[in-house]
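Here is the structure we will look at.
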Amino acid sequence: GQAEHDIVNAADFIIVVLVPESGDEVQLMQAATIEIADLFVIIKSDRPGSKRIERTSVDILDAVSTEDGYIPDVMSSVATTGDGVKQIFDKILMNIQLFDENGQLEKRRLRRYKNRIKALVAENLDGICWDLNRRILFKNITNSIDSIENSPNSVVRQLLLNFDKEVK
């Protein structure tokens, strides 16, 4: 979803946090969540259901193939006792170093840079496109529509007629 897209465009390393008894298995099964995660951390792993969510997570991740072949680890922690916290921290540092050494970190940063440029272009074009005249034209065209018989593309063509000349 949009949240995953936003995170990928902001972070070098992504940790997906799962909580026992919260139905996070459903979230985990979403392809977008699996694709963005560098590490899964089950917090409150002293609670009932933590072993189940860990087994489910590992099974799902083993069955999924990623573009680069990387399969994120699933780790557990208990904040009140500190169990697992140091191991998770060490794993994060180790993975970031690995991503830096194998060029994955630079690829991610370059992808974010290109996505930012694309977003800025879209933002600028949106501002140029929806000037006062085009907003009035849009209102006039859409107010005259009384059915869904015409294709939306024909309305878009009317709205964008001469747009390329206006931008130059």
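The values are calculated or read from the model by the stated rules, or taken from the named source; none is laboratory data. These numbers were taken from a predicted model, which means no experiment stands behind them. Quick reminder, even Gly has a Cβ in these numbers, built from the backbone with ideal geometry, and neighbours come from all protein chains shown. Please note that ligands, DNA and RNA were not included when accessible areas were found on the heavy atoms of the full protein model with its side chains. Shrake-Rupley method; radii C 1.70, N 1.55, O 1.52, S 1.80 Å.
Brief remarks on what is shown
- Scope the range 1-19; condition crowded, with 16+ Cβ neighbours inside 10 Å and modelled with pLDDT under 75; matching residues: Glu4
- The range 20-47, residues that are modelled with pLDDT of 85 or more, of a type outside the set (Gly, Ala, Ser) and either buried (at least 18 other Cβ atoms within 10 Å of the Cβ) or in a loop (DSSP other than H, G, I, E, B) (or both): Asp38, Phe40, Val41, Ile42, Ile43, Lys44, Asp46, Arg47
- Residue in the range 63-74 that is without any contact (Cβ under 8 Å) to a residue 24 or more places away in the chain and at positive phi present: yes
This table checks each residue for (1) surrounded by fewer than 13 Cβ atoms within 10 Å (Cβ to Cβ); (2) under 16 Å from Phe40 (Cβ atoms).
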site: Ile53; (1), (2): no, yes
site: Thr56; (1), (2): no, yes
site: Ala79; (1), (2): yes, no
site: Val85; (1), (2): no, yes
site: Ile88; (1), (2): no, yes
site: Phe99; (1), (2): no, no
site: Gly103; (1), (2): yes, no
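- Test result for Val121, within 30 Å of Ile14 (Cα to Cα) and surrounded by 10 or more Cβ atoms within 10 Å (Cβ to Cβ): yes
- Of all residues in the range 146-159, those satisfying the criterion of being open to solvent by less than 80 Å² (accessible area, probe 1.4 Å) and of a type outside the set (Gly, Ala, Ser) are Val155, Val156, Leu159.
- Helices (runs of 4 or more DSSP H) wholly inside the range 49-154 containing at least 1 residues that are of a type in the set (D, E, K, R) and under 22 Å from the mean Cα position of the chain (by Cα): 50-63, 85-101, 104-129
- Pair list, Cβ under 9 Å, 6 or more apart: the range 94-112 residue of a type in the set (Phe, Trp, Tyr), other residue open to solvent by less than 40 Å² (accessible area, probe 1.4 Å): Phe99/Phe13; Phe99/Asp38; Phe99/Leu105; Phe99/Arg108
- Checklist (1) at pLDDT 90 or above; (2) at negative phi applied to Gly103, failing item: (2)
- Residue match in the range 50-60 (condition: touching an Asp or Glu at 6+ places or on another chain (Cβ under 6 Å), of a type outside the set (A, V, I, L, M, F, W, C) and free of Cβ contacts under 8 Å to residues at least 40 places away in the same chain): yes
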